[in-house]
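Student: Quick one: the structure is below, questions incoming.
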Amino acid sequence: MSVELSAAQDVEMFTPSLSSQQQRELAERLTTFLPQFSHLSDSFIIEFFTEDLWHTLPSSWQPVLQDLSYPQIADLLLDATHGDRRYPSVWPLSLLAFRATAHALAFPRECRREQGRVPGSVKPEEFQENQSQSSLLGHIFRKHVKPKKQHEIRKLGVLVKQLCDQTDCNRVVDVGSGQGHLTRFLSFGLGLSVTAIEADRTLVAMASRFDGQLLWALEKEKQKKNCSSQLPASHYSPRHVTGWVNPKASWEAFIKQLSTTDSLSEVPPTPSGPSKKRLRGSEHCRGCSHEVQTSPSPSPGSTDSETRSQDFESSEEQTSAEGCCSCIQPVCPEQVHPEETSPQRYPDFVLTGLHACGDLSATLLRHFVSCPHVRGITSVACCYMKITTQENPTPPGLVEPPTPPTPGQESVPSEFGYPLSSWVRGLSGHQLSYKAREGACHAVEDYMRRLREESELLRTHCYRAMLETFIRDTRQDLRRAGIQTIKKAHLLPFTEYARLGLARVGLPPELPLDPERVETMLQQQGRVVVYFSLALLLAPVVETLVLLDRMIYLQENGVDSQLVALFDPNFSPRNFVLVALKPCE
């Protein structure tokens, strides 16, 4: 069955559904289009000079692209919604067709409410009064939470609650829960019974600690209002489980993980009070700042981080379901009784994962399809480059199990994270390289903003590509070496940037650099940015194919789904939520 919402304002969050036939036809178009331009999506911008990437472009494209200003690149190439296209010269039809096809095949990244927003506006309206605090989220849910995450947990939490209401199911399992920000909002804010599972024991401990601080704040609010009743902390807390979700394990093994007694569900009834210290940490995959600080390239230990856009760290009106007032009254969630902990008798629940990394999102979809207890799912994916494929079963950054699997744990045959569907797997052009999937994590909206602002940060693309030429001149075996981000690189002269970069790969910092050669490459900075923008134009197309494959997989298993552009893409670039409910039997 398709997802139907009673509130009219919520229907706007859902993209129009594609029929089964339309999904398959779109997949065919995508797998026909993308292989024609794999030389763009698979290229590394740091090899712009060493591989002479500019001259790999069609000869008719080069003269019309090389003189574009940065704002023109944003308006004429990347912005699908830009209406006033004034071309400085006549573009070849092949270039116009490339741009138009890329935009037409990609899922729209903005919901109707965000379309038509003021150009240059970065944060949603909920942050207009206070740049770091959402006006639509209660203060007790904002502590330790950056603006981007506040935006995400509020919107996703309301959507999960709607699915629970539709299925008459009060239980939720939050996978990859990290520090528990979404978990707390679902449990304390929306009155749901939540089990959170996270592989990092340190993050689980932090989540439990933050639960205690929230309860302390709630108790303080009640005392201010002269409420005499006491909150039984152990009955109002989400249940935290430490565990790594094995993509090769069966749904029965997953249920056993959720039922484990090795959990942190007890919250101190009288915590000492909220900590003043700001705690940092990745919510789901430590060291993985998707949208895109750093990521390894296919060579071991290498990176292309200097070429990537920065993520923002940091709506509709408040609904009564959110319960985000300053003196919230949590609903006591039902508890899982010992006799319900066997896989066959486990209670029904809704599955959710906020930016579940790599194969984890695919694993949750498999459990949703196969496990009879999962009634609905909301899946927000990230880190597409960490997805396993037949061509690359062990991509860089793949999360390995913390301990060797126990005998019988790997009861599911070896399957890969992409493609999931039989239909896409049967299409000859379905293969997506590591680099193409890594590119799909880039923040297109952020890059357009940099172009329109003619930001000096764009200089780092050229700097890193130049440095690659000098590294390879000295040591060919150091190709695509991992430099990592050099602080404020765009403010440095290239000679200083090169000195710092050479030292990081073990080369003499004072390596002689030909001044004339340096100047010649610096003059090609505009070409470097244009080439990167052409590759970036394909990023939403690649993401569309990955997500469409998952929709087709669900359809093949008898479940209709919808893709929701739930988050503001200017604020949260991985903004799509795949939503599905199982048909009523």
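The values are calculated or read from the model by the stated rules, or taken from the named source; none is laboratory data. No experiment lies behind these values; they were computed from the predicted model shown. Please note: Cβ atoms are built from the backbone with ideal geometry, for glycine as well, and neighbour counts cover all protein chains shown. Quick note on the areas: whole protein, heavy atoms, side chains included, nothing else; ligands and nucleic acids left out. Shrake-Rupley method; radii C 1.70, N 1.55, O 1.52, S 1.80 Å.
Student: Leaving out ligands and nucleic acids, note down the accessible area per residue over region 21-100 with a 1.4 angstrom probe, in whole Å².
Tutor: So region 21-100 comes to 47 Å² accessible per residue, rounded to a whole number.
Student: Just to confirm a number: summing +1 for Lys and Arg and -1 for Asp and Glu over residues other than E556 whose beta-carbon lies under 13 angstrom from that of E556, what do you get?
Tutor: Net charge in that neighbourhood comes out at +2.
Student: Compare the peptides 86-95, 383-392, 62-71 by average per-residue count of other Cβ atoms within 10 angstrom and give them in order, highest first.
Tutor: Final packing ranking: 383-392, 62-71, 86-95.
Student: May I ask you to give the solvent-accessible area per residue for region 173-215, in square angstrom, as obtained with a 1.4 angstrom probe?
Tutor: Heavy-atom accessible area per residue stands at 16 Å².
Student: Another question about this same structure. Net charge around Q524, counting only other residues with Cβ within less than 14 Å of its Cβ (Lys, Arg = +1; Asp, Glu = -1)?
Tutor: So the surrounding residues net to -3.
Student: Next question, about the same structure. Give me the one-decimal nm value for the distance between modelled label points at D477 and K248, 7 Å along each residue's Cα-to-Cβ direction.
Tutor: Those two pseudo-labels are separated by 3.2 nm.
Student: If I take R0 = 45 Å and measure r between the Cβ atoms of H490 and Q22 in this structure, what FRET efficiency does the formula 1/(1 + (r/R0)^6) give, to the nearest 0.05?
Tutor: On the way: r = 44 Å, r/R0 = 0.98.
Once the sixth-power term is evaluated, E becomes 0.55.
Student: Another question about this same structure. How much accessible area per residue does region 476-571 have, counting only protein heavy atoms and a probe of 1.4 Å, in square angstrom?
Tutor: Normalised by residue count, the accessible surface of region 476-571 is 39 Å².
Student: In straight Cα distance, which lysines are under 28 Å from K220, not counting same-chain residues fewer than 8 positions off?
Tutor: Within the straight-line cut-off, K220 pairs with K143, K146, K148, K149, K155, K161, K276, K277.
Student: Could you tell me the center-to-center distance, by alpha carbons, between region 559-585 and region 479-521 in angstrom?
Tutor: 43 Å
Student: Can you compute the modelled spin-label distance between Q525 and S422, with each label point 7 Å from Cα toward Cβ, in nm?
Tutor: Placing both labels 7 Å beyond Cα along the Cβ direction yields 5.5 nm.
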